[in-house]
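Q: Quick one: the structure is below, and I'll ask about it shortly.
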Amino acid sequence: MAMNGATPSELLRVDSLRKHFRVSKPHGLGSSTLRAVDGVSFALGKGETLGLVGESGCGKSTLGRTIVGLHEASGGRVFLNGRDISGTSRRARSFERREMQIVFQDPYASLDPRMSVHEIIAEPLRINGMYSRERVAKMLTAVGLQEGAATRKPAEFSGGQRQRIAIARALALDPELVILDEAVSALDVSIQAQIINLLKALQRASGVAYLFIAHDLSVVRYISDRVAVMYLGRIVESGTRDEVFGSPQHPYTQALLSAVPRPDPARRRASTRIVLKGELPDPLAPPSGCGFRTRCPKAQAICASVTPVGASDPRAHAVACHFPGPLESSSSSSANVPQ
Amino acid sequence: MTDQSAILSVRDLTVDVELPEGPARIVDGVSFDVRANEVFGIVGESGSGKSIAMLAIMGLLPGSNMRIARGQVLFRGRDLAVLTAQEMRRLRGGELGMIFQDPMTSLNPVLRVGRQIGETVRIHHPDLSKHGVEARVLELLDLVGIPNPRRRYRQYPHEFSGGMRQRAMIAMAIANDPVLLIADEPTTALDVTIQVQIMELLAAVRARTGASMVLITHDLGLVAETADRIAVMYGGRIMEAASAQALFGAPRHPYTVGLLRSLPELHRSTESLYSIPGQPPSVRDRPSGCVFHPRCGLSNGRAPCEERVPELATAGASHHLAACHYSDETPQWR
């Protein structure tokens, strides 16, 4: 984890990144544009973890995939260690792949069922001419698997153990950045805690940076140094984890945090929960101006006409809202925490 | 021990599953009562047997390889084992309302939503006219907060969002004024801002009808904020049962303690997180004695944990039950 105070040197910078999809309308009535990622900018320092949160359909997974090159960007740029990698061809991208890995939610789907665990971890090493038997064994130990696991197939492992295998494979090349796309979301609480602790320990040991994409806000608070909140393809708020969780300024962040149930039976009697009206708007026909205005308790006329933008300094506490501000009630701030 | 005011009384419910390698016990001696007007939470990780136990109670065990080996289920004093399949069907969707995680699997995809809810209404009110049924369905759709009920009435489930489908499911579950709602992971597939809406709706429905509810979930936050009393399941058994306050404030089973300590906190930043070592047991090889003993920090390898199954017995306060040989040591160990 990055130290407080000094800013770590920049590893990844994403500048006005866009990923639009053409979606054909039913009955051959032409097509429309899905702006899955619509002008996203942020920076990630070496050895740091940026938590990217948002509900389904907000574009967080598309953003992760566009950064690693699984989707071709529709616009904007991606810099890794200062190099512009957004324009590079697929072939040239394979070089960056060594520095950039991605782990998905479902380890059942992402591991080749016919390969042994040894082969799964060895494959990226072989491709890059870095294979040795010792290196595979070292990775297995690092993720807490026994050496005997090497000869077995993924089907013989539980979900949590498979995620360990996927992490070992992703970290085998000693990448500088790993994108974790809902990597612990499918796991039970007791196993999830093991995997999160493993990710933190591996980060301390190797200095790898994580882009941690998740919808579970508690997990994101625990693992992240910095946090960005997405809604309808845009980042609505970003900052350090204590800024975003401790004093959220965007009404959506506030509603999201307030919606999370907490393991505290006393809380139900507190009538402080913000209940948003309605659902996510149709992403094929998003509202004009601020995407959140249709559900926002603070929305005014300007919200429909002018799209709010956050601060341009990537390390500032940025809020894309015309009426940012603390919650009226202080009950959900971090100041009064029942022990 | 049997609570006279209980709506649902489950005693020693035991379910066996026939696996290729032989029979295995998937639910093992589960007992609990659900009282009038209360929310009873059953919380557990995957494979704990929580959903299978509820399916067994409702007479909905999947496939032919699972069967109730022993136990009794009393619903408003009636033994459900003696009911015919038809009587059970009438009970479900009548006095017993059910809400599942994925409405797509419980709603018929080729039937219009209004018609499906109408069927449920009609089964229990055969004398109602066609218009009477439609009026009741529109009233229900409105009640569960579905905007534009007349248009929605004619739509198919796939035209509904996940949250709207769950609302339709709730409309069906409450169509005949149930006295007990059984909600199995009702919001697990939904985003948190929609989850809040659905939980508020369920609370409003309960306030209106006075129905009790069994909430089955893996989400400790959700159960803490919703349930009055809670049972924690692990490896097919109830490990601990207590009021929500007692369970979260002063847990007595080491598994509950471990689970709560494994949860990252939302309202403050922490630097380290406890994790329970090891893996939950599969139904094929459940450990001897206490099913939790190989992962238990309190047991610390003591022989009784491996040798004897601990009874679900009073621990601390009179209505606080824990299935642990050493639950009196938990407060110091915790």
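Rule-based calculations on the coordinates, nothing more; no lab input. Bear in mind that the values here come from a model prediction, so they are computed numbers and not experimental data. Positions of Cβ are generated from backbone atoms using ideal geometry, with glycine treated the same way; all protein chains shown enter the neighbour counts.
Q: Among the helices of chain B (complete DSSP H runs), which have Cα atoms covering no less than 15 Å along the helix axis and a Kyte-Doolittle mean of at least -1.0?
A: Numbers: long enough: B:113-124 (18 Å, -0.27); B:130-143 (20 Å, 0.21); B:162-173 (16 Å, 0.19); B:192-209 (25 Å, 0.87).
Long hydrophobic helices here: B:113-124, B:130-143, B:162-173, B:192-209.
Q: Helix-only mean residue ellipticity at 222 nm, chain A, DSSP H runs n ≥ 4 weighted -39,500 (n - 2.57), per residue, nearest 500. What is it?
A: Details: 11 runs with 102 residues, N = 339.
The per-residue figure over chain A is -8500 deg cm²/dmol.
Q: Considering every residue in B:221-228, what mean count of other chain Cβ atoms within 10 Å of its Cβ is obtained?
A: Numbers: counts 7, 4, 3, 8, 12, 3, 2, 1.
That average works out to 5.
Q: Cβ under 15 Å from A:Val260's Cβ, A:Val260 left aside: what net charge do those residues give with Lys, Arg +1 and Asp, Glu -1? Walk me through the numbers on the way to the answer.
A: Working: positive: A:Arg221, A:Arg241, A:Arg262, A:Arg267, A:Arg268, A:Arg273, B:Arg268; negative: A:Glu55, A:Asp216, A:Asp264, B:Asp191, B:Glu200, B:Asp219, B:Glu225, B:Glu265.
Taking every other residue near A:Val260 into account, the sum is -1.
Q: Show the residues, 5+ positions off or on another chain, whose built amide H is closer than 5 Å to the amide H of B:Met239.
A: Answer set, sorted by chain and number: B:Val232, B:Met233, B:Tyr234.
Q: Roughly how many whole Å is it from the C-alpha centroid of region B:175-237 to that of region A:105-153?
A: Between the Cα centre of region B:175-237 and that of region A:105-153, the gap is 41 Å.
Q: Further, regarding this structure: Starting from the Cα of A:Lys19, draw a straight line to each of the lysines and keep only those under 17 Å, dropping any in the same chain fewer than 8 residues away.
A: List returned: A:Lys60.
Q: Here's something else I'd like to know. Going by a ≥ b ≥ c, the root eigenvalues of the Cα gyration tensor, does region B:38-143 fall in the rounded group (a/c under 1.5), the prolate group (a/b larger than b/c) or the oblate group? Display every interim value, and only then the final one.
A: Working: a/c = 2.07, a/b = 1.62, b/c = 1.28.
Prolate is the answer for region B:38-143, as a/c is 1.5 or above and a/b outweighs b/c.
Q: I've got another one for you. So what are the ³J(HN,Hα) numbers for region B:71-86, from phi and the Karplus equation (6.51, -1.76, 1.60; θ = phi - 60°), rounded to whole Hz, Gly and Pro as x?
A: x, 9, 10, 10, 10, 6, x, 8, 7, 5, 5, 8, 6, 6, 4, 5
Q: Rounded, prolate or oblate: which fits the protein assembly as shown, taking a ≥ b ≥ c as square roots of the Cα gyration tensor eigenvalues, rounded meaning a/c under 1.5, else prolate when a/b beats b/c?
A: On the way: a/c = 1.68, a/b = 1.22, b/c = 1.38.
Since a/c reaches 1.5 but b/c is at least a/b, the shape of the protein assembly as shown is classed as oblate.
Q: Can I ask one more? Give me, ordered by chain and number, the residues 5 or more places off A:Lys19 or on other chains with an amide H under 5 Å from its own placed amide H.
A: Placed amide hydrogens put A:Ala36, A:Val37, A:Asp38, A:Gly39, A:Ser74 under 5 Å from A:Lys19.
Q: Other chains' Cβ within 10 Å of B:268-281 residues: what's the mean?
A: Details: counts 7, 9, 3, 3, 3, 9, 3, 10, 6, 2, 3, 9, 5, 0.
Partner-chain Cβ atoms within 10 Å, mean over residues of B:268-281: 5.
Q: If you place +1 on the Cβ of every Lys and Arg, -1 on the Cβ of every Asp and Glu, and leave all else neutral, what size is the dipole of chain A about its Cα centre, to the nearest 20 Debye?
A: Magnitude of the dipole: close to 360 debye.
Q: From the phi angles alone, apply the Karplus equation (6.51, -1.76, 1.60; θ = phi - 60°) to region B:227-234 and give each ³J(HN,Hα) in whole Hz, x where the residue is Gly or Pro.
A: Those phi angles translate into 8, 7, 10, 9, 10, 9, 9, 7 Hz.
Q: Which pairs break 25 Å Cα to Cα here: A:Lys46/A:Lys153; A:Lys46/A:Lys200; A:Lys277/B:Lys130? Numbers along the way, then the final one.
A: Details: A:Lys46/A:Lys153 34 Å; A:Lys46/A:Lys200 14 Å; A:Lys277/B:Lys130 33 Å.
Check vs 25 Å cut-off fails for A:Lys46/A:Lys153; A:Lys277/B:Lys130.
Q: Sort out for me the Cα centre separation of region A:201-236 from region B:19-43, rounded to whole Å.
A: 37 Å
Q: How would you order A:231-244, B:263-276 from highest to lowest mean count of nearby Cβ atoms within 10 Å? List each step's numbers first, then the result.
A: On the way: A:231-244: 23.8, B:263-276: 16.4.
Per-residue mean Cβ counts within 10 Å order the peptides as A:231-244, B:263-276.
Q: Also: What whole-number distance in Å separates the alpha-carbon centres of region B:278-334 and region A:160-181?
A: 34 Å
Q: Given charges of +1 on the Cβ of Lys and Arg and -1 on the Cβ of Asp and Glu, with all other atoms neutral, how large is the dipole of chain B about its Cα centre, in debye to the nearest 20? List each step's numbers first, then the result.
A: Values: 35 positive and 36 negative charges, 174 e Å.
Dipole magnitude for chain B comes out near 840 debye.
Q: Would you mind giving the mean number of other chain beta-carbons within 10 Å of the Cβ of each residue in A:241-249, as a whole number?
A: Details: counts 1, 2, 0, 0, 5, 3, 0, 0, 0.
Whole-number average of other-chain Cβ neighbours for A:241-249 is 1.
Q: Which is farthest toward the positive dipole end of region B:253-333 among B:Ser282, B:His293, B:Val257, measuring Cα position about the Cα centre, with Cβ charges +1 (Lys, Arg) and -1 (Asp, Glu)?
A: So the residue furthest toward the plus end is B:Ser282.
Q: I would also like to ask the following. Near A:Lys298, which aspartates and glutamates are there with a Cα under 12 Å away, not counting those fewer than 8 places off in the same chain?
A: List returned: A:Glu328.
Q: All other residues with a Cβ under 11 Å from the Cβ of A:Arg295 taken together, and with Lys, Arg as +1 and Asp, Glu as -1, what is their net charge?
A: Details: positive: A:Lys277, A:Arg293, A:Lys298; negative: A:Glu279.
So the surrounding residues net to +2.
Q: Here's another thing I want to ask about it. Indicate the gyration tensor shape class of region A:91-213 (rounded, prolate or oblate), computed on the Cα atoms with a ≥ b ≥ c the square roots of the eigenvalues: a/c under 1.5 is rounded; otherwise a/b larger than b/c is prolate and the rest oblate. If you can, show how the numbers build up before the last one.
A: On the way: a/c = 1.42, a/b = 1.09, b/c = 1.30.
Cα axes put region A:91-213 in the rounded bin.
Q: If we count every other residue with Cβ under 10 angstrom of A:Ala122's Cβ, Lys/Arg +1 and Asp/Glu -1, where does the sum land? Show your work: numbers first, answer last.
A: Numbers: positive: A:Arg126, A:Arg133, A:Arg135, A:Arg169; negative: A:Glu119, A:Glu123.
Local net charge: +2.
Q: Provide the packing ranking of A:73-83, A:38-48, A:304-314, i.e. peptides ordered by the mean count of other C-beta atoms within 10 Å per residue, highest first. Provide the component values of the computation, followed by the final result.
A: Details: A:73-83: 16.2, A:38-48: 20.8, A:304-314: 14.2.
Packing order, densest peptide first, comes out as A:38-48, A:73-83, A:304-314.
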